[in-house]
Amino acid sequence: MCTLKDLKPGQKAYVGSIAVEGLMRRKLMDMGVTPGVEVQVNKTAPFGDPIEVRLRGYSLSLRKKDAENILMVQ
Amino acid sequence: MKYTIALAGNPNSGKTTLFNCLTGSNLYVGNWPGVTVEKKEGSLKNTTKEITLVDLPGIYSLAPYSMDEIVSRNFLLEERPDLIINIIDASNIERNLYLSTQLMELDCPMVGALNMMDVVKKTGVEIDIHQMEKVFGYPFVEISAQKETGIDELIELVEKVLVDEHHPAYPQIFPKEMTTLFTDFDHLVQERYPQVLPEYPKLFRAIKLIEKDDEVLLKIHDNVDLMNDISVVRKKIETLTNHDVDSAIADYRYRFITDGISKATKKTNDHGWQFQDKLDKVLMNRYAALPIFFFFMFVIYYVSITLVGELTIGAIEWFINDVLIVGVATGLANLGAAGWIIALINDGIITGVGAVLTFVPQLMVLFVFISILEDSGYMARVAFIMDRIFRHFGLSGKSFIPMVVGLGCSVPGIMATRTLENERERKLTAVLTPFISCGAKMPIYVLMASVFFTSYQTLLVFSLYLISLLVVFSSGFILSKTWFKGADSGYLLEIPPLRMPKFKNTATQVWIRIKEFIVRAGTIIFAASVVLWFLQNFTLTFQMVQTPDESILAMFGKVIAPIFVPLGFGNWVASVALLTGIAAKEMIISTMSVLLSGQSGDFTTAISQIFTPVSAYSFVIFVLLASPCMAAIATMKKELGNWRDFIFALLYQIGLAYAVSFIIFQVGSRIII
């Protein structure tokens with residue numbers, strides 16, 4: 001079990017669960033980060049944060065702080 | 001019969017382009033009373049019916065995160081359009097259809113416009129629109145708003161669906177057990193709490209209550225019994241799905257979509273976005289990203305100010321001073337016009353309005369660049385690059401977008417803060433955006449630079465740009481820890497694919513902005529130039545003045561001038577110019593050129609008599625940082641929402657401008673003698 005933050009650019013995994021409450025949780029879901037979806041990390045921003053991931057055919061950027069709360073399964 | 005139809009879709013799905021296609025030249029922009037957010041309305045062209053099309057702000061879902069999402073949602077719920085055109089970026093179909101699944105709950109007839117089909121076809125994907133209709137329960141049409149294909153078919157389809165009396169029910173998105181839970185819950189609500197949101201579409205009401213949607217909860221006023229009933233259903237859903245309610249609902253929506261599009265789309269070959277990726281690797285490279293960004297900014301300023309400025313300003317000034325004014329003077333004199341009329345037209349109107357129009361070519365170039373930044377998708381990338389830095393200053397990377405827009409004009413910049421979800425960040429960004437110099441202030445820098453800093457023009461203007469960034473960052477840092485304290489909202493931002501900006505789009509945007517600028521020159525500045533001319537040419541006893549020093553304006557200017565003495569420009573001309581600049585920043589130059597037109601020598605000589613290089617620099621800094629023009633002030637009030645924050649913001653902006661100019665003049669005049 002790892003989190004989205006631990007994936008290296010180029011690596012793919014499936015979302016297991018989202019361990020964050022409130023607005024951010026629902027926003028993540030609306031943007032397509034739901035259990036079971038495949039996510040690939042594209043790159044990290046020049047200053048090390050945020051990261052850019054690809055899912056459902058588009059690119060989304062989020063902060064490491066939030067990526068840390070997204071548990072991934074291989 | 002009059003119809004109202006709404007255009008709804010994700011941000012960046014091509015809504016505005018489609019809106020312009022559908023309404024043609026009938027477009028007008030209107031503000032709705034009582035609503036803070038701008039929606040656009042126009043009438044549909046190429047139709048025999050009377051159809052009003054409303055362009056809503058782009059939204060990802062009907063959940064109320066940001067103000068523009070609330071506006072879109074309230075319009076759909078309260079105004080109840082006769083039909084929704086749901087525009088879907090077909091190259092990002094999966095995420096885009098998520099909004100559709102929510103719109104389907106509104107129980108309103110809908111037409112799906114699959115946009116960017118030209119892009120989709122190039123990547124080797126086929127979409128079967130009949131299959132789409134079968135799965136999603138409403139008709140689709142393939143379009144390309146950019147290339148203007150499929151528009152007639154879309155209008156035809158809209159007409160057909162509008163007159164169709166009974167639109168079929170939408171398919172069930174959720175599995176049977178869930179749907180039963182929803183309908184049972186809604187029956188319970190109707191029975192026990194008939195006063196709860198009776199106007200809302202049933203399924204929407206049930207789901208939003210179950211989701212404990214913030215806006216809906218506000219409307220039920222902590223009804224304890226209802227909250228208990230909601231908890232019961234939530235438990236049931238959790239046992240049924242083994243998930244929490246939020247992920248269960250979102251998950252079923254996406255499952256419905258994935259199943260649907262797997263039936264309706266076919267991939268014929270697999271083309272990636274290789275070129276895109278390569279370009280992105282350069283633009284967002286760890287070491288190169290920031291230098292590239294500053295290089296772009298420098299180029300923008302260099303090209304628009306130095307290159308274009310040198311080419312055009314001289315020519316336009318020659319035309320105005322040596323051709324127009326001389327011509328008008330001779331022409332009117334031949335007609336036997338009185339001397340004061342010639343003076344009014346030449347020294348008042350042509351000088352005032354002309355001083356502003358001189359800068360139109362430079363502004364056009366500036367607007368072209370900003371529009372390219374907006375259209376290409378580079379903005380989102382800059383937000384991505386900058387987020388880490390901005391966070392240190394109490395902002396988010398997204399705050400950067402309003403600021404770049406604000407380079408053109410603070411009004412749309414301040415309005416663009418609506419896309420920020422967090423109230424604290426939104427207000428803070430709205431207060432800081434005016435510190436980023438708008439296009440109307442640019443002519444003042446250019447003028448001062450051309451008089452006092454001839455060999456370092458670009459450098460001077462670029463230094464102002466850096467100072468404004470410095471002010472934004474330090475103010476953000478201080479204000480986010482004092483006046484605008486609070487938690488950050490988190491950051492989630494879609495990175496759209498890089499697109500080649502379309503010439504037509506850029507041209508339209510530049511035209512709209514330049515038109516606004518010229519209209520302002522023709523109205524406010526025209527009127528103000530006339531008034532100024534009178535105030536400047538008459539004494540308090542309405543006698544023609546001998547020298548401008550005796551005029552009403554001079555007297556008034558002399559009263560306030562002492563305030564600016566410590567800043568180095570305590571003369572009445574500069575003081576009056578700053579005052580009229582509140583109406584519109586373009587007025588500053590017009591005012592000075594009208595006031596100085598009576599003096600010997602040309603405008604630049606006159607300017608160099610009332611300023612020194614240091615006081616000129618201090619003056620432009622004051623113009624850069626002090627409160628923006630009336631339009632921007634009004635927009636700021638609207639976005640901040642309350643008087644407390646608004647008055648604080650104004651005082652902060654003026655106070656800071658005064659302090660910085662003070663330091664620059666006091667320090668500068670001691671170094672440079």
Can you give me the orientation-averaged projected area of the convex hull built on the Cα atoms of segment B:168-310, in nm²? 17.3 nm²
Taking the dipole about the Cα centre of the protein assembly as shown, with the C-beta of Lys and Arg at +1 and of Asp and Glu at -1, give me whichever of B:Cys409, B:Leu656, B:Ile173 is farthest to the positive side. B:Leu656
When every protein chain stays in place and a 1.4 Å probe is rolled, B:Phe19, B:Phe665, B:Phe556, B:Phe275 sorted by accessible area with the largest first are B:Phe275, B:Phe556, B:Phe665, B:Phe19
What are the radius of gyration and Dmax of segment B:2-163, computed over its Cα atoms and given in Å? 14.7, 47
Ignoring ligands and nucleic acids, what accessible area does B:His167 show with a 1.4 Å probe (Å², nearest 10)? 60 Å²
Two-decimal log10 I(q)/I(0) for segment B:314-419, as the Debye equation yields it once each C-alpha is a single scatterer, q = 0.13, 0.14 Å⁻¹: -0.65, -0.68
Tell me, what does the Kirkwood hydrodynamic radius of the protein assembly as shown come to in angstroms if you use every pair of distinct C-alpha atoms? 28.5 Å
Top to bottom by accessible area (1.4 Å), largest first, where do B:Ile607, B:Ile663 land? B:Ile663, B:Ile607
State, to one decimal in nm², a quarter of the convex hull surface area for the C-alpha atoms of chain A, i.e. the direction-averaged projected area. 4.3 nm²
Using only the alpha carbons of segment B:504-640, determine the length spanned along each of the three principal axes and report them from longest to shortest in whole angstroms. 52, 32, 32
Would you list B:Trp318, B:Trp483, B:Trp533 from the most to the least accessible area, probe 1.4 Å? B:Trp318, B:Trp483, B:Trp533
Whole angstrom only: what separates the Cα centroid of segment B:315-390 from the Cα centroid of segment B:507-531? 9 Å
Check each residue of segment A:16-38 and keep those whose accessible area, probe 1.4 Å, is at least 40 Å² smaller with all protein chains in place than in the chain alone; give them in order of residue number. A:Leu23, A:Met24, A:Arg25, A:Arg26, A:Lys27, A:Met29, A:Asp30, A:Met31, A:Pro35
Any chance you could tell me what percent of the C-alpha pair distances in segment B:382-510 go past 26 Å? 30 percent
Rounded to 5, the percent of DSSP beta bridges in chain B classed as antiparallel: 40 percent
Place a +1 charge on the Cβ of each Lys and Arg in segment B:75-202 and a -1 charge on the Cβ of each Asp and Glu, then give the dipole magnitude about the Cα centre in debye, rounded to the nearest 20. 400 debye
What ratio of Cα Rg to 2.2 N^0.38 Å holds for segment B:570-673? 1.21
Along Cα→Cβ, 7 Å out, is where each label goes; now give me the distance between the ones at B:Gln546 and B:Glu310 in nm to one decimal. 4.6 nm
Where does helix B:224-241 land angle-wise versus the long Cα axis of chain B, in degrees 0 to 90, nearest 10? 60 degrees
Based on Cβ point charges of +1 for Lys and Arg and -1 for Asp and Glu, what charge dipole magnitude is obtained for segment B:2-163 about its Cα centre, in debye rounded to the nearest 20? 180 debye
Listed by chain and number, the lysines with an alpha carbon less than 16 angstrom from that of B:Lys122, same-chain partners under 8 positions apart left out, are B:Lys147, B:Lys266, B:Lys267
Pulled fully out, how much extra length does the chain show between B:Asp118 and B:Ala337, if you take 0.36 nm times their separation in residues and subtract their Cα-Cα distance? 72.6 nm
For B:Lys121, counting only aspartates and glutamates whose alpha-carbon sits under 13 Å away and dropping same-chain residues fewer than eight positions off, the answer is B:Asp89, B:Glu142, B:Asp270
Please give the helix B:326-335 orientation as an angle from the longest Cα principal axis of chain B, in degrees from 0 to 90, rounded to the nearest 10. 70 degrees
Can you give the mean number of other chain Cβ atoms that lie within 10 Å of the Cβ atoms in peptide A:46-55? 5
For chain B, longest principal axis from Cα atoms; helix B:423-432 axis from its Cα atoms; angle between them, nearest 10 degrees, is 20 degrees
Label-point separation (nm) for B:Thr149 and B:His166, each offset 7 Å from Cα along Cα-to-Cβ? 3.8 nm
Computed on Cα atoms, Rg of chain B relative to 2.2 N^0.38 Å comes out at 1.11
Here the gain from full extension of B:Val326 to B:Gln666, 0.36 nm per residue of separation minus their alpha-carbon distance, amounts to 118.2 nm
Placing unit charges on C-beta atoms (Lys and Arg positive, Asp and Glu negative, everything else neutral), compute the dipole magnitude of the protein assembly as shown about its Cα centre in debye, rounded to 20. 1620 debye
Could you tell me which residue out of B:Met636, B:Phe293, B:Val111 lies farthest along the dipole of the protein assembly as shown toward its positive end? Charges go on the beta carbon: Lys and Arg +1, Asp and Glu -1, centred on the Cα centre. B:Phe293
In the A-B interface, the accessible area buried, summed over both sides, Å² (probe 1.4 Å): 3500 Å²
If you count only protein heavy atoms and use a 1.4 Å probe, how large is the accessible surface of B:Leu324, to the nearest 10 Å²? 60 Å²
Putting +1 on Lys and Arg Cβ atoms and -1 on Asp and Glu Cβ atoms, find which of B:Ile518, B:Ile495, B:Val545 reaches farthest to the positive end of the dipole of segment B:488-567. B:Ile495
Quickly work out the B:Ala507-to-B:Thr48 label distance, labels modelled 7 Å from Cα along the C-beta direction, and quote it in nm with one decimal. 3.4 nm
The ratio Rg/Rh over the Cα atoms of segment B:473-579, Rh being the Kirkwood inverse mean 1/r radius, stands at 1.24
With a 1.4 Å probe and all protein chains left in place, how much accessible area per residue does segment B:2-163 have, in Å²? 35 Å²
What whole-number value in Å² describes the accessible area per residue of segment B:176-267 for a 1.4 Å probe? 53 Å²
Scan of chain B for trypsin sites (Lys or Arg not before Pro) in DSSP loops with at most 16 other beta-carbon atoms within 10 Å gives a longest site-free stretch of B:287-480
Determine the alpha carbon to alpha carbon distance for each of B:Lys398/B:Lys502; B:Lys2/B:Lys45; A:Lys12/B:Lys278; B:Lys585/B:Lys637 and list only those over 22 Å. B:Lys398/B:Lys502
For an R0 of 45 angstrom, estimate the FRET efficiency from the Cβ-Cβ distance between B:Lys134 and B:Leu579 and round to the nearest 0.05. 0.10
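The values are calculated or read from the model by the stated rules, or taken from the named source; none is laboratory data. Remember, it's a predicted structure, so these values are computed and weren't measured experimentally. Because the Cβ atoms are built from the backbone with ideal geometry, glycine has one as well, and the counts that use them run over all protein chains shown. Note: accessible area is taken over every heavy atom of the protein model, side chains too, but ligands, DNA and RNA are not part of it. Shrake-Rupley method; radii C 1.70, N 1.55, O 1.52, S 1.80 Å.
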